[in-house]
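Right, one structure below, let's go through it.
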Amino acid sequence: MKPLRRDNIVDDYHGVKVADPYRWLEDAELPETMEWTEEQNRITFGYLETIPARDKIRERLKELWNYPKYSVPKKKGKFYFFSKNEGLQNQPVLYRKEGLYGVPSVVIDPNKLSEDGTVSLTVQSYNREGTLLAYGISKSGSDWQEIKIRDIEKGEDYPEVLKWSRYSGIAWKPDNSGFYYTKICVL
């Protein structure tokens, strides 16, 4: 493995000097960062593949994780919303049912939003009647999320996509004319 590049970057936080020689690694698109990540993965997986009990451990973990998991339901209007993971799904599926004894229907299945199952629902906010959903999605574990609006009755998203949101909640206005969220300005 070749020596890792160290840049001479020092930040000053209220008179305290803090060195940050590896800041360049924060840029995942930089060819050097991609090369470093690939090498780290090669070394790591090369080692992990030599562990004799690896397959047994994997199978045992699958057994332990393979049971249905539910979120706490939320009531909006006459509807209850909840998430359920059948056991080994990458992401829980969001459901809605009318009343406590209604038949659940899928609102969003994030497992169908990408081939590898790495798109997840991050934040959900329903209007008062439970007919509109503002929700965030994150791709590949990113902190960044895109916020979309779904007409639950039609099962369709509005065309607008709100980008550059991070760690944001969503709160509907009382008249359902819009909602509040946090957007990060990217310079």
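Which aspartates and glutamates, if any, have their Cα less than 16 Å from the Cα of Lys154, not counting same-chain residues under 8 positions apart?
The reachable aspartates and glutamates, counting only those whose Cα sits under 16 Å from Lys154, are Glu98, Asp109, Glu129.
Starting at the first residue of the range 16-27, write each ³J(HN,Hα) from the Karplus equation 6.51 cos²θ - 1.76 cosθ + 1.60 with θ = phi - 60°, in whole Hz, x for Gly and Pro.
Values per residue, Gly and Pro as x: 9, 7, 10, 6, 9, x, 10, 4, 4, 5, 6, 8 Hz.
List the relative contact order of the chain as a percent without decimals, with contacts defined as Cα pairs under 8 Å and 6+ residues apart. Could the numbers behind the result be given before it?
Working: 301 pairs, mean separation 17.3, N = 187.
In percent, rounded to a whole number, it is 9.
Only Lys, Arg, Asp and Glu count, each charged at its Cβ (+1, +1, -1, -1), so figure out the dipole size of the chain about its Cα centre, rounded to 20 debye.
On the way: 29 positive and 29 negative charges, 192 e Å.
Using only the charged Cβ atoms, the result is roughly 920 debye.
Quick check: the distance between the Cα centres of the range 102-161 and the range 1-22, to the nearest angstrom?
A separation of 40 Å, based on Cα centres.
Just to check I understand the Karplus step: with θ = phi - 60° and J = 6.51 cos²θ - 1.76 cosθ + 1.60, what whole-Hz values come out for the range 147-155, glycine and proline as x?
For the range 147-155, the Karplus curve yields 9, 10, 10, 10, 7, 5, 4, 8, x Hz.
Please list, in chain and number order, the residues 5+ apart from Phe179 or on another chain whose amide H is under 5 Å from its amide H, with Hs placed from the backbone.
For Phe179, whose amide H was placed from the backbone, the distant partners under 5 Å are Lys173.
What are the residues whose amide H is under 5 Å from the amide H of Val107, where those residues sit 5 or more places off or on another chain and H is modelled from the backbone?
Sorted by chain and number, the residues that satisfy this are Leu94, Tyr95, Arg96.
Rounded to the nearest 10 degrees, what's the angle between the helix 54-65 long axis and the longest principal axis of the chain, both from Cα atoms, 0 to 90?
Helix 54-65 and the main axis of the chain meet at about 20 degrees.
Suppose only helical runs count, i.e. DSSP H with n ≥ 4. What mean residue ellipticity at 222 nm does that imply for the chain under -39500 (n - 2.57) per run, divided by all residues and rounded to the nearest 500 deg cm²/dmol?
Working: 2 runs with 30 residues, N = 187.
-5500 deg cm²/dmol, from helical runs alone.
P(r) for the range 77-128, please, calculated from all Cα pair distances in 5 Å bins and given in %.
Spelled out bin by bin, the range 77-128 gives 5, 19, 26, 24, 15, 8, 3 percent.
Using 27 Å as the Cα-Cα cut-off, could you pick out the over-long pairs in Lys69/Lys97; Lys69/Lys173; Lys97/Lys148?
Result: Lys69/Lys173 exceed 27 Å.
Can you pull the one-decimal nm distance between simple spin-label points at Met1 and Arg42, each 7 Å off the Cα toward Cβ?
With each label placed 7 Å out from Cα toward Cβ, I get 1.2 nm.
How long is the gain from Asn90 to Tyr158 if the chain were fully straight, where each residue apart is worth 0.36 nm and the alpha carbon distance is subtracted?
This chain segment gains 21.9 nm when fully extended.
If packing is taken as the average number of other Cβ atoms within 10 Å across a peptide's residues, how do 152-161, 13-22 rank, most packed first?
Top to bottom by mean Cβ count within 10 Å: 152-161, 13-22.
Where a ≥ b ≥ c are the square roots of the eigenvalues of the C-alpha gyration tensor, would you call the range 66-175 rounded, which needs a/c under 1.5, or, failing that, prolate if a/b is larger than b/c, or oblate?
Oblate, since a/c reaches 1.5 and b/c is not below a/b.
Residue-wise, which Karplus ³J(HN,Hα) couplings in Hz belong to the range 124-134, taking 6.51 cos²θ - 1.76 cosθ + 1.60, θ = phi - 60°, and x for glycine or proline?
Running phi through 6.51 cos²θ - 1.76 cosθ + 1.60 with θ = phi - 60° gives 9, 9, 9, 5, 4, 7, x, 9, 10, 10, 9 Hz.
How much of the calculated P(r) for the chain lies past 27 Å, in percent of all Cα pairs?
50 percent
Sort 136-148, 28-40 for me by packing, meaning the mean count of neighbouring Cβ atoms within 10 Å per residue, highest on top.
Per-residue mean Cβ counts within 10 Å order the peptides as 136-148, 28-40.
Rounded to the nearest 0.05, what FRET efficiency is calculated for Asp11 and Asp143 with R0 set to 25 Å and r the Cβ-Cβ distance?
Working: r = 21 Å, r/R0 = 0.83.
Computed FRET efficiency for Asp11 and Asp143: 0.75.
For the range 10-50, how big is Rg over Rh, using alpha carbon atoms and the Kirkwood form of Rh?
1.24
Got a sec? Charge dipole of the chain, +1 on Cβ for Lys and Arg, -1 for Asp and Glu; which of Phe82, Val10, Val93 is way out at the positive end?
Value: Phe82.
Where a number appears in this text, it was derived from the coordinates with a stated rule and is not lab data. All values reported here derive from a predicted model rather than from experimental measurement. Don't worry about glycine lacking a Cβ; one is built from the backbone with ideal geometry, like all the others, and counts go over all protein chains shown.
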